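Peer 1: Let me begin by handing over the structure; questions about it come next.
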Amino acid sequence: MTYQLPDLPYDYGDLEPHYSGKIIELHHDKHHAAYVKGANEALEKLVAARDKNDFSSINQLEKNLAFNVSGHVLHSLFWQNLTPDGGGEPEREVSGLIDEHFGSFEGFKGHLEHAANGVQGSGWAALAWEPMAGRLIVEQIYDHQGNVGQGSVPLLVCDMWEHAYYLQFHNEKADWVKAFWKLVNWDDVAQRLKKVRRLELGLDHPVTA
Ligand code: MN
C-alpha cells in the first residue's frame, strides 16, 4: 500500500474534556482510514486505466485522488497538531512570524477563527506557509482540496467537517474552535515551520524569507 494510516500520537480519550475520545476513535479509525483506502484505490484504478488505455473515468479518478490524498495529509497533520498539553501561544520563531504577517497573535487567532466558522459545507481552516512570498497565510479549505493556492504547505489545521465536532458540540461549531485552541501543539507547529521554510518551488523567482 502506498498510503498507510498513521497511529495516533495519544490515546483516544487523552484530549478530553476538550475533545471527545469517541469522536477521535471514529474520526481516526473510520474517517481517516477511509481516505487512506480511497487514496490507494484511486492510484490502483489509475494504473488499471493506463494498462487498458481506458480513460473514460479520468475526471472522477483524478478528483478521487486529490480528495483522498488531501484528506489523508490533513488528518495526519491534524492529529499531530493536537496534544493534551496544548494551548496557549506560540514562542520564538512562530510567534515572531505571526506578529510580522498577521499583526498580532490576537489578529491571527480572530482571522483563523472566522475562516473556520465561515466554512460553508465541509472544510478546514489552516495556517499555511506560502513559499512564493515566503510568508504565513490563513487558508479556508473546501472539502479537503479546494480553494488552496499551489505550493502552500499547511502547518496547523482545524477540521470543520461535521464529523469532527457534531457528536460533542452539535451545531455549536464555534465552541469546537474554542476547544481546538486549548489543544494546539505549538511545538509541533514550530518544528514543521522550521522544515517547511526551506521549501523552494524551483523557480528563478527568489524566495524572500
Ligand atoms: Mn475529519
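The values are calculated or read from the model by the stated rules, or taken from the named source; none is laboratory data. Please read all numbers here as calculations on a predicted model, not as lab measurements. Every residue, glycine as well, gets a Cβ built from its backbone with ideal geometry; the counts of neighbours run over all protein chains shown. Areas reflect the complete protein model, heavy atoms only, side chains present, ligands, DNA and RNA absent. Shrake-Rupley method; radii C 1.70, N 1.55, O 1.52, S 1.80 Å.
Peer 1: I'm told PRO17 meets every condition in (1) open to solvent by 50 Å² or more (accessible area, probe 1.4 Å); (2) in contact (Cβ under 8 Å) with a residue 12 or more places away in the chain; (3) within 30 Å of VAL184 (Cβ to Cβ) except one. Can you identify the failing condition by its number?
Peer 2: If we test PRO17 against (1) open to solvent by 50 Å² or more (accessible area, probe 1.4 Å); (2) in contact (Cβ under 8 Å) with a residue 12 or more places away in the chain; (3) within 30 Å of VAL184 (Cβ to Cβ), just (2) comes out false.
Peer 1: For the stretch 55-106, which residues satisfy the criterion of being among the small types (Gly, Ala, Ser) and within 24 Å of PRO9 (Cα to Cα)? Before you say what the answer is, go through the steps one by one.
Peer 2: Initial filter on the stretch 55-106 (among the small types (Gly, Ala, Ser)): 56-57, 66, 70-71, 76, 86-88, 95-96, 103-104.
Within the stretch 55-106, SER70, GLY71, SER76, GLY86, GLY87, GLY88 meet the criteria.
Peer 1: Anything in the stretch 165-180 that is open to solvent by 40 Å² or more (accessible area, probe 1.4 Å), free of Cβ contacts under 8 Å to residues at least 24 places away in the same chain and within 16 Å of the ligand (Cβ to nearest atom)? List them, or say none.
Peer 2: The one that is open to solvent by 40 Å² or more (accessible area, probe 1.4 Å), free of Cβ contacts under 8 Å to residues at least 24 places away in the same chain and within 16 Å of the ligand (Cβ to nearest atom): TYR166.
Peer 1: How about the stretch 1-28: which of its residues are assigned to a helix (DSSP H, G or I) and away from the ligand (no atom under 12 Å from the Cβ)?
Peer 2: The initial filter retains those residues of the stretch 1-28 that are assigned to a helix (DSSP H, G or I), namely 12-15, 21-28.
Within the stretch 1-28, TYR12, GLY13, ASP14, LEU15, GLY21, LYS22, GLU25 qualify.
Peer 1: Now a separate question. In the stretch 129-164, what count of residues is obtained for those that are polar (S, T, N, Q), open to solvent by less than 40 Å² (accessible area, probe 1.4 Å) and within 11 Å of the chain's Cα centre (by Cα)? Outline the logic, then answer.
Peer 2: The initial filter retains those residues of the stretch 129-164 that are polar (S, T, N, Q), namely 140, 145, 147, 150, 152.
Checking which are open to solvent by less than 40 Å² (accessible area, probe 1.4 Å) leaves us with 152.
With the extra rule that they be within 11 Å of the chain's Cα centre (by Cα), the set shrinks to none.
Going through the stretch 129-164 one residue at a time, the tally reaches 0.
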